[in-house]
Amino acid sequence: MDYQTLRTETRGRVALVTLHRPDALNALNTALLGELLQAVEGFNADPAIGALVLTGSAKAFAAGADIKEMQAMGFAEIYLSDFAAGWDRFAASRKPIVAAVSGYALGGGCELAMMCDFVIAAQSAKFGQPEITLGVPPGMGGTQRMARAIGKAKTMDLCLTGRMMDADEAERSGLVARVVPDAELLDEAMKAAEKIASFSLPATMMVKELVARAFDTTLTEGLRAERRLFAAAFALDDQSEGMAAFAEKRKPTFRHR
Ligand code: HXC
């Protein structure tokens with residue numbers, strides 16, 4: 001597919017989506033959102049794909065929503081168009097998405113990374129919610145997803161001061177799953193996604209759905225949902241295959257991949 005603001009490729013069962021607005025540090029504008037949704041929804045519909053990796057450039061995963069595009073907008077336009085709502089469609093991806101973050105992940109860029117299922121960060125990565133410096137609060141989930149991911153203290157610190165945190169602090173805080181040397185970022189993220197894509201797709205989708213639910217419901221409801229899906233998984237031949245393979249000391253061959 002020919003995109004203006006992205007590059008996409010598939011490697012085996014993994015789709016790699018690279019944000020590509022090099023002149024604007026991958027600032028997220030309306031065109032990019034439209035293309036990203038087209039790509040991600042397309043890969044979700046493609047049975048040959050089991051997981052996605054989202055990345056940017058060495059200098060920036062994404063430096064935020066496109067300030068120059070938003071600059072002239074007024075309340076009515078932002079409110080009536082429900083400006084940030086399209087991002088809910090990205091977050092609704094049912095297939096797992098690994099964010100591979102190098103350089104700046106600021107504002108909407110940090111929020112986009114947090115919409116992914118987990119973040120692998122290069123040592124150079126810098127995370128922040130600098131919207132306050134522009135006279136606005138975060139608008140793509142920063143206050144909500146970050147508070148759930150890393151708690152109140154650091155979320156308040158980052159959102160109120162606009163400061164950036166480096167990859168090590170982000171890992172300590174729980175925003176980031178792993179930190180790797182810059183040169184290994186894409187390999188590590190692809191390896192993780194390939195591993196995910198080698199498992200039973202309905203099982204990985206269940207895991208994603210359930211962990212996401214933990215941030216959206218009570219413990220009792222979450223545990224009930226987990227038990228229901230755990231039981232449902234026993235209707236899949238992938239469960240029979242996975243458990244038989246273990247007992248027979250061989251590698252499983254999952255059908256629903
Ligand atoms: C539009 C941007 C941009 C952005 C960078 N650029 N970030 N354009 N929107 N968010 C552009 C610059 O204008 C510049 O274009 C080019 O990219 C290179 O950026 P520089 O600033 O020259 O690079 P550098 O000096 O290295 O500084 C890097 C930076 C800085 C620290 C990341 O660019 C920066 O502070 N960017 C803005 C970060 C930010 O505030 N993000 C939050 C946005 S609000 P020219 O044409 O001059 O070369 C947001 C709200 C989300 O995300 C909610 C929406 C609903």
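The values are calculated or read from the model by the stated rules, or taken from the named source; none is laboratory data. Every value quoted in this text rests on a predicted model; they were computed, and no experiment measured them. Ideal geometry is used to build each Cβ from the backbone, glycine not excepted, and the neighbour counts take in all protein chains shown.
Residue 109 falls short on exactly one of the conditions (1) in a loop (DSSP other than H, G, I, E, B); (2) within 12 Å of the ligand (Cβ to nearest atom); (3) not β-branched (Val, Ile, Thr), and that condition is (1).
Condition check for residue 2 on (1) modelled with pLDDT of 95 or more; (2) more than 11 Å from the ligand (Cβ to nearest atom); (3) out of contact with any helix residue (DSSP H, G or I) (no Cβ under 7 Å at 6 or more places or on another chain): one failure, at (1). Is it the case that residue 257 is within 19 Å of residue 48 (Cβ to Cβ) and within 24 Å of the chain's Cα centre (by Cα)? For residue 257, the condition - within 19 Å of residue 48 (Cβ to Cβ) and within 24 Å of the chain's Cα centre (by Cα) - is met. Residue 52 passes every criterion in (1) buried (at least 21 other Cβ atoms within 10 Å of the Cβ); (2) in a helix (DSSP H, G or I); (3) of a type outside the set (Lys, Arg) apart from (2).
Restricting attention to the stretch 112-158 and to residues that are closer than 23 Å to residue 205 by Cβ and among the aliphatic types (A, V, I, L, M), the residue that is farthest from the ligand (Cβ to nearest atom) turns out to be 120. Can you spot a residue in the stretch 68-89 that is away from the ligand (no atom under 12 Å from the Cβ) and crowded, with 19+ Cβ neighbours inside 10 Å? Checked against the condition, which is being away from the ligand (no atom under 12 Å from the Cβ) and crowded, with 19+ Cβ neighbours inside 10 Å, the stretch 68-89 yields no hits at all. The number of residues in the stretch 90-118 that are of a type in the set (Ser, Thr, Tyr) and surrounded by fewer than 24 Cβ atoms within 10 Å (Cβ to Cβ) comes to 1.
The condition of being in the same structural domain as residue 144 (by the TED database), free of Cβ contacts under 8 Å to residues at least 24 places away in the same chain and acidic (Asp, Glu) holds for only one of 88, 66, that being 88. Only residues in the stretch 209-222 that are over 16 Å from residue 147 (Cβ atoms) count as the first member; pair them with residues that are acidic (Asp, Glu), Cβ under 8 angstrom, at least 6 apart or cross-chain, and list the lot. Every condition considered, the pairs that remain are 210/226; 211/117; 213/221.
Counting only residues that are assigned to a loop (DSSP other than H, G, I, E, B) and free of Cβ contacts under 8 Å to residues at least 60 places away in the same chain, which one in the stretch 91-102 is farthest from residue 215 (Cα to Cα)? Only one residue tops the list, namely 93.
Being part of a strand (DSSP E or B) and either surrounded by 15 or more Cβ atoms within 10 Å (Cβ to Cβ) or within 7 Å of the ligand (Cβ to nearest atom) (or both): is that true of residue 61 here?
Yes: the conditions hold for residue 61.
Please go through the stretch 133-157 and give me each residue that is touching a Leu at 6+ places or on another chain (Cβ under 8 Å) and under 20 Å from residue 82 (Cα atoms), ordered by number.
In the first step, residues of the stretch 133-157 are kept if they are touching a Leu at 6+ places or on another chain (Cβ under 8 Å); the result is 140, 146, 149-150.
Residue satisfying the conditions is 140 alone.
Matching residues to (1) within 20 Å of the chain's Cα centre (by Cα); (2) in a helix (DSSP H, G or I); (3) loosely packed, with under 14 Cβ neighbours inside 10 Å:
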residue	(1), (2), (3)
170	yes, yes, no
192	yes, yes, no
196	yes, yes, no
222	no, yes, no
228	no, yes, yes
232	no, yes, yes
241	no, yes, no
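Residues in the stretch 129-141 that are outside any loop (DSSP other than H, G, I, E, B) and buried (at least 23 other Cβ atoms within 10 Å of the Cβ): 131 only. When the residues of the stretch 5-44 are filtered to those that are assigned to a loop (DSSP other than H, G, I, E, B) and within 16 Å of the ligand (Cβ to nearest atom), the one that is farthest from residue 188 (Cα to Cα) is 29.
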